Amino acid sequence: MEGRNEKLFARKRSFTFGAYGGIDKFITGNESSCAESVGHSILDILDSPSSEAKPLTSAPSSQKVTELFAIIEKLQGSRLDEQRCEFPPPLKTRLLKIGDGLPLILPPKSGGYWIDPPLDRHVETSPTLSQGGFGLESYDIMERDSEAKVYQEFFRHRYHHSFTACDPSLGPLVLSVCLEEEENRLRVILRMKECSIHGTFSVSLFQQLPTAVELAKMLCSSISVTCFEAVSYLKAPETIMAFDEHRVSQNFKFGVLYQREGQLTEEDILSNTEESEEFLEFLSMLGQTVKLQGFTGFRGGLDVSHGQTGNEAVFTSFHGREIMFHVATKLPFTEGDTQQLQRKRHIGNDIVALVYQEGNTPFISDVIRSHFLHCFIAVRRIKRENEGEGGDGGSFQVSVTAREDVPPFGPPLPTPPIFTEGSVLREFLLTKLINAEISCYKAEKFSRLELRTRSSLLEALRSELSSRSQCMLGELSQPSIPLTEGGRSVPEGGGGFIENFKRAIRVRSHSFDTLGVPKKAGGVAGQRTKDAE
């Protein structure tokens, strides 16, 4: 019977290890020496002293079973620990040994990001290379919507007409037409779900002034409606302008991460609580450190009343725009929270972040887990060969990484990507940050979300203009959408375009469930709240 038990045990033991990629065969009692060597090799892998491994053949059956489950438990525990690692320890050790031979940014193993400058030195084309020069005059800030200001500039203070329609295939349409008599031309804007189209036409092209349908078809040949409704609402210009400029913002918020030597994981980077003099100098170059209590500028979602998001932040004004930086080390630190959710709820909801590096440890493009963060700009202070011992060490190396569906954006990095003047670096970084965010909105996730938001707002605009025009003409006894101007309360079930606009923006905060982002069951850690400011 004992011999039979030993044989069954040997069969079970071999099958278990086979599931983990070991010997996948039945071991009989005659092969006990082979089984013993396998047991020793697994113990060696688990870093257990070989002297403590007792021969399985000389132990009682119950002791063999105990040792078996102990070995399996160690093996399973080791595999789970490996899965928890954000960066495999052997690779981490090799990277730290390489030191300054590494670039500022490394791509993730799974890919999905581009890096500028490219890691392949034989690649001559930079992802953000433009035809412009490398001086300050080439640091142009991109416009998120080139057509957004056209109505305000050319229509708002001139006599013009607006029209609405609902196309069977294209959906809601809002058309605005202005006759510029001094230039003897017609200026037209056609608003559709996907975009707005703007054009001008010389009056001399027509024997008689074209209809609204004809003008619309000149801008988009796919239009199939046969008539438009004229807008007779006195406050239509303000309502239309609110729609046109709903994507225009002069305020931006960016994350700032502090990466010290040897820090390769999200937990390490977000756990920094101290700020070195070098890092503080870099922050002072970006902007001014301000007290949050009672701050009246753009706050970027930070608490300025109760101190729940820290006491200080970095703020600056740049070419008519206000920028708030979510500096990780200035956000609240929570003892015992490895994920530092109080910090990540702000930085994880930014779209672009700066990474300031002290030391030679590279930043991995996807190390910060976030559905929103699409671009990182890494900055490292370096000491060049021509700088003496008494030099101020004011040279900075810069690298950029973004998800692969983010289009290129300027200004281009110089070659080599090194800045020796702080003022030039500041101009470059702030311009690059703004352009990066605007370019990130063209990535798949954001573009799909923006299309839904624009479609909702355009339908609300068309509906309100039509309803209020009918009310103005006496065709409706009461407006179907109650008034909201002047801060007056709206009846239940009402809204108006401005309220619909605010509601659509709030919906954007929770729209990633419909963008293919998996919901995390339970737990606060998986939740995201996008700041609507």
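Tabulated data
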{"read-out": "For q = 0.16, 0.21, 0.26 Å⁻¹, Debye-computed log10 I/I(0) when each Cα of the range 162-228 counts as one equal scatterer", "value": "-0.49, -0.82, -1.17"}
{"read-out": "D (Stokes-Einstein, µm²/s), Kirkwood Cα radius, the range 288-347, 1.306 mPa s at 10 °C", "value": "132 µm²/s"}
{"read-out": "Spatial extent of the range 304-407: Rg and Dmax, with the Cα atoms as the point set, Å", "value": "16.5, 49"}
{"read-out": "The range 159-192: GluC sites (Glu not before Pro) falling in loop per DSSP and having at most 16 other Cβ within 10 Å", "value": "Glu181, Glu182, Glu183"}
{"read-out": "Probe 1.4 Å, all protein chains present, accessible-area order of Val177, Val400, Val248, largest first", "value": "Val248, Val177, Val400"}
{"read-out": "Size of charge dipole - the range 150-248 - debye, nearest 20, with Cβ of Lys, Arg +1 and Asp, Glu -1, no other charges", "value": "160 debye"}
{"read-out": "Point-charge dipole on Cβ atoms (K/R +1, D/E -1) for the range 234-341, about Cα centre, debye to 20", "value": "660 debye"}
{"read-out": "Compactness index (Cα Rg / 2.2 N^0.38 Å), the range 364-473", "value": "1.68"}
{"read-out": "Approximate shape of the range 182-340 as ellipsoid semi-axes (Cα gyration tensor, √5λ), whole Å, largest first", "value": "53, 17, 16"}
{"read-out": "For the range 271-408, accessible area per residue (1.4 Å probe, heavy atoms of protein chains only), Å²", "value": "41 Å²"}
{"read-out": "Qualifying GluC sites (Glu not before Pro) in the range 234-302, DSSP loop, other Cβ atoms within 10 Å at most 10", "value": "Glu274"}
{"read-out": "Normalised per residue, the volume of the convex hull around the Cα set of the range 230-288 (Å³)", "value": "154 Å³"}
{"read-out": "Local electrostatic count, Ser284, Cβ distance below 12 Å [Lys/Arg +1, Asp/Glu -1]", "value": "-3"}
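The values are calculated or read from the model by the stated rules, or taken from the named source; none is laboratory data. Predicted model only: the values in this text are computed from it and were never measured. Reconstructed Cβ throughout: ideal geometry from the backbone, glycine too, with neighbour counts over all protein chains shown. Areas reflect the complete protein model, heavy atoms only, side chains present, ligands, DNA and RNA absent. Shrake-Rupley method; radii C 1.70, N 1.55, O 1.52, S 1.80 Å.
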